[in-house]
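The values are calculated or read from the model by the stated rules, or taken from the named source; none is laboratory data. All values derive from a computational prediction rather than experimental measurement. Every residue, glycine as well, gets a Cβ built from its backbone with ideal geometry; the counts of neighbours run over all protein chains shown.
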Amino acid sequence: MALRLEGKVALVTGSGSGLGEATAKRFAQMGAHVYVTDVNIAGLERVVDEIKQAGGGATGREQNVTIEADWDVLMTEIIQSHGQLDILVNNAGIALTGNVEEVTLDDWRKTQAVNLDAVFMGTRAAVKVMKGRGGSIINISSIEGIIGDPNTPAYNASKGGVRIFTKSAALHCAAQGYNIRVNSVHPGFIWTPMVEEGFAQLNEVGAEMLAKVNTEIPLGSMGEPLDIANGCLFLASDESRYMTGSELVIDGGYTCR
Ligand code: NAP
């Protein structure tokens, strides 16, 4: 039986760590050649090595997703070396805390630049090379793009922006007949370096929140990066051929209430 992503070429941003790492590894296990990009060079090199050791195909490339001109350069490199791009996961993200009275304009803008502006630039660059052949674009939002959190207004705004931007891009691609699907993924609490640092930044409030959070998740505990990687795998594969502009929530039931 063919692997679910056999013959496909994927790019996963911010895949030197956390959810991106798990997604890149899962895609490679399922037969894709994966471009692993990140600002964290040690992380991306480790992930590429681990994929190769496991028998998969991967190319590592430093990428700061906020640099507009580099998106087209990277797309050209991918097309020149692999002839196609089938899957883009706009995953790179940052989470800066500070309530609406505390957050600085600088932190607000940094958050939008990585979490929202780069998702737009990545989607735009991928559409250019995917149209005609088709593809799947997966934008990593968050449950925090659906529900509010008093300590993360900038993050909430960026992830809400990703959610609705995804629908606009999906409608455009459908109307043009590009055969490009664009969907968003909304992880709940998943234990990664980002979440660990986010709770640590909030000091005592963070420690209290951390103690409470597992009790508030209907399925009883935080998720694992593989739970999100499996959702991305479904959206990346042709099994989700009838899904576009959708929101895939993977949160242990957190947003049900
Ligand atoms: P993570 O472990 O911190 O991984 C994110 C990666 O992105 C890091 O390697 C980071 O590098 C990199 N990065 C940061 N800024 C970048 C930039 N400008 N260009 C390229 N790469 C950059 O975080 P994660 O938890 O896996 O998060 C991945 C995505 O899932 C994010 O979009 C996040 O908002 C979303 N998400 C996560 C959760 C969760 O519970 N973990 C929940 C909902 C949504 P550095 O480490 O050097 O900064």
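Report whether or not K25 is away from the ligand (no atom under 15 Å from the Cβ) and either of a type in the set (K, R) or over 20 Å from S142 (Cβ atoms) (or both).
no
Among the residues of the range 143-181, just one is in contact with a strand residue (DSSP E or B) (Cβ under 8 Å, 6 or more places away or on another chain), part of a loop (DSSP other than H, G, I, E, B) and on the phi < 0 side of the Ramachandran plot, namely I146.
The residues on offer are R4, R61, R46, and the sole one that is surrounded by fewer than 23 Cβ atoms within 10 Å (Cβ to Cβ) and assigned to a strand (DSSP E or B) is R61.
Taken residue by residue, the range 35-47 has no member that is more than 27 Å from K131 (Cβ to Cβ), away from the ligand (no atom under 16 Å from the Cβ), of a type in the set (G, A, S) and in contact (Cβ under 8 Å) with a residue 24 or more places away in the chain. Checking each residue in the range 104-142 for being assigned to a helix (DSSP H, G or I), within 12 Å of the ligand (Cβ to nearest atom) and under 13 Å from the mean Cα position of the chain (by Cα) picks out V114, N115, L116, A118, V119, G122. Within the range 54-66, does at least one residue satisfy the condition of being closer than 23 Å to I164 by Cβ and of a type outside the set (A, V, I, L, M, F, W, C)? Checked against the condition, which is being closer than 23 Å to I164 by Cβ and of a type outside the set (A, V, I, L, M, F, W, C), the range 54-66 yields at least one hit.
Taken together, the residues in the range 10-43 that are polar (S, T, N, Q) and either modelled with pLDDT under 95 or surrounded by fewer than 24 Cβ atoms within 10 Å (Cβ to Cβ) (or both) amount to 3.
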